[in-house]
Amino acid sequence: MSYNGNTSPALQPLDLSLKYKVADLSLAELGHKDMQLSEREMPGLMAVRKKYGAEKPLKGMKITGSLHMTIQTAMLIDTLKELGADLRWATCNIFSTQDHAAAAIADKGSAAVFAWKGETLEDFWWCTEMALTWPDGSGPDLIVDDGGDATLYVHQGVKVENDPSLLDKTYTNLDLKCLMDRLQLSYSRDPKKWHRVAKNIRGVSEETTTGVHRLYHLEKNNELLFPAINVNDSVTKSKFDNLYGCRESLADGIKRATDIMLSGKVAVVCGYGDVGKGCAASMKGFGARVLITEIDPICALQAAMEGYQVVTLEEALKTGDIFVTATGCVKVITGAHMEEMKDEAIVCNIGHFDNEIDMAYLTNSPDCKKLTIKPQVDKWALKSGRSIVILAEGRLVNLGCATGHPSFVMSSSFTNQVLAQIALATEPHEKQVYTLPKKLDEEVARLHLDRLGVKLTTLTPEQADYLGVPVEGPFKPDLYRY
Ligand code: NAD
Ligand code: ADE
């Protein structure tokens, strides 16, 4: 589609009088109860509420969130609110919203929330812009991002205002097309909006690996418009959420979607990074035989040392019963791969976007026919005469077909998020990508020990002196990535 001054008919203008748009407000009571249940499981968040609740370090800060609108996120929102923030929230994935969580937040008024399960892409970008725009037309001071879409919105908005001819180009990527449609509208109404918004932003804290890659890319090209904190690479985020979170939520997603018995099946996990390691352990734990594909020799060697067979995807196609992509890469499973798979193989993705499985092959090929079994579970008849089952339309299976990671591990991730937001709100930062100090990482871990009955040994001054570390930590140099 090209842009000639007309906006798409599906394009919704912002409605800044709305305090929320959720699926069903009558679900709020259930949401409140579920949130109450998660309090014990989120000791990190409860501790920061206690520590900073009176001081309110986020007072006066307008925060936009673009992060899965789950019960765990509702707990994060309430924490940021208790620290003084004024919040607007959208989800970062069209299938990940838990409608009772969104309803609870709308009902309490902790944030202006725009999220429901099963958004269209047009809805998604509308919700994101609603979360980025306050009723007086101003933007946020801070962003909590998961995957980088709120950050992209502002950066792309500024680009368009600098070079409106970008609006005349054709965009084949559906997400980008929807975003450019919205930017066309905002440019026609206020050609300096995104410059003003960007100028006011003190910083973004980014949740996930893929979003962090985007930030480093912007930094490298000198395009980063505001400071950023990489939350993902806190040890208490990526080595817990990505690993132990996926170890539980991958199987949850596959089972809620298909009820399949995993024991005895062959599960192929593409990518053996933090997420892939959790996915492989999950499948192995259920008694599946696990095959790994990798491009990185170190991760491949790690997988082999754990006893997994490391193969190419081509080698795995004929034996795999379940395929999981966990790479953050693109077109890992292509149409040609799908055509070679066994009948009724299950194919899903747990990486951030929807491009690890080539869904366009299925949707654009006249030989491929979709039969929807239920929402987020589709059986695709292929040219080969066989069928495959695609979960969550190739988007995050754990959040699309289940409810994402459990509260306990999200407490660890989100405690880092809160600390990052406080740092951005209270300290000056340059336009670059930061990580949180090791000491805070240890603090986040410490906050989660009691719930598990962990008893730490304390160094004696003599031992501390011997090791050359302070008695109160940090105790070790930064961990090596692998
Ligand atoms: P990572 O960088 O630790 O691991 C990715 C691995 O994939 C790397 O080892 C890399 O070598 C490998 N890889 C890349 N391209 C490949 C290819 N074509 N074939 C095989 N292997 C390939 O990243 P991560 O932290 O494991 O995150 C992976 C993805 O999962 C990211 O998109 C991240 O944002 C997302 N994520 C999802 C969740 C969730 O709840 N669903 C949680 C955390 C992260
Ligand atoms: N990412 C993975 N699981 C999640 C959850 N339960 N809530 C928010 N983000 C998540």
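The values are calculated or read from the model by the stated rules, or taken from the named source; none is laboratory data. As the structure is a computational prediction, the values presented were derived from the model and not from experiment. Positions of Cβ are backbone-derived with ideal geometry, glycine not excepted, and every protein chain shown enters the neighbour counts.
For the reader, a short list of remarks on this structure follows.
- Per-region count, the stretch 251-306, residues part of a helix (DSSP H, G or I), charged (D, E, K, R) and near ligand 1 (Cβ under 9 Å from one of its atoms): 2
- Residues of the stretch 28-47 that are aliphatic (A, V, I, L, M), part of a helix (DSSP H, G or I) and touching a Ser or Thr at 6+ places or on another chain (Cβ under 6 Å): Leu45 alone.
- Count of residues meeting criterion [within 16 Å of ligand 1 (Cβ to nearest atom) and touching a strand residue (DSSP E or B) at 6+ places or on another chain (Cβ under 8 Å)] in the stretch 143-165: 8
- In the stretch 327-354, the residues that are part of a loop (DSSP other than H, G, I, E, B) and either buried (at least 20 other Cβ atoms within 10 Å of the Cβ) or near ligand 1 (Cβ under 10 Å from one of its atoms) (or both): Thr327, Gly328, Cys329, Val330, Lys331, Val332, Met341, Ile350, Gly351, His352, Phe353, Asp354
- Taken as a whole, the structure places Gly285 among residues that are of a type in the set (Gly, Ala, Ser), surrounded by fewer than 17 Cβ atoms within 10 Å (Cβ to Cβ) and away from ligand 2 (no atom under 16 Å from the Cβ).
- The set of residues from the stretch 223-266 being more than 15 Å from ligand 2 (Cβ to nearest atom), under 28 Å from Ala316 (Cα atoms) and in contact with a Phe, Trp or Tyr (Cβ under 8 Å, 6 or more places away or on another chain) comprises Leu262, Ser263.
- Residues (under 17 Å from Ala425 (Cβ atoms) and within 15 Å of ligand 1 (Cβ to nearest atom)) located in the stretch 205-227: Ser205, Glu206
- Residue among Asn242, Asn232, Asn222 that is modelled with pLDDT of 95 or more, within 21 Å of the chain's Cα centre (by Cα) and assigned to a loop (DSSP other than H, G, I, E, B): Asn232
- Beta carbons closer than 7 Å, at least 6 apart along the sequence or on distinct chains, pair a first residue in the stretch 443-463 that is within 16 Å of Ser407 (Cβ to Cβ) and among the acidic types (Asp, Glu) with a second that is at pLDDT 95 or above and in a helix (DSSP H, G or I) for Asp450/Pro43.
- Any hit, the stretch 384-397, residues being more than 19 Å from Gly320 (Cα to Cα), of a type in the set (Ser, Thr, Tyr), assigned to a strand (DSSP E or B) and away from ligand 1 (no atom under 16 Å from the Cβ): no
- Neighbours by Cβ (under 6 Å, 6+ apart or cross-chain): first from the stretch 86-98, closer than 25 Å to Pro57 by Cα; second surrounded by fewer than 24 Cβ atoms within 10 Å (Cβ to Cβ) and of a type in the set (A, V, I, L, M, F, W, C): Arg88/Ala112
- Test result for Ser413, under 30 Å from Lys62 (Cβ atoms) and surrounded by 13 or more Cβ atoms within 10 Å (Cβ to Cβ): yes
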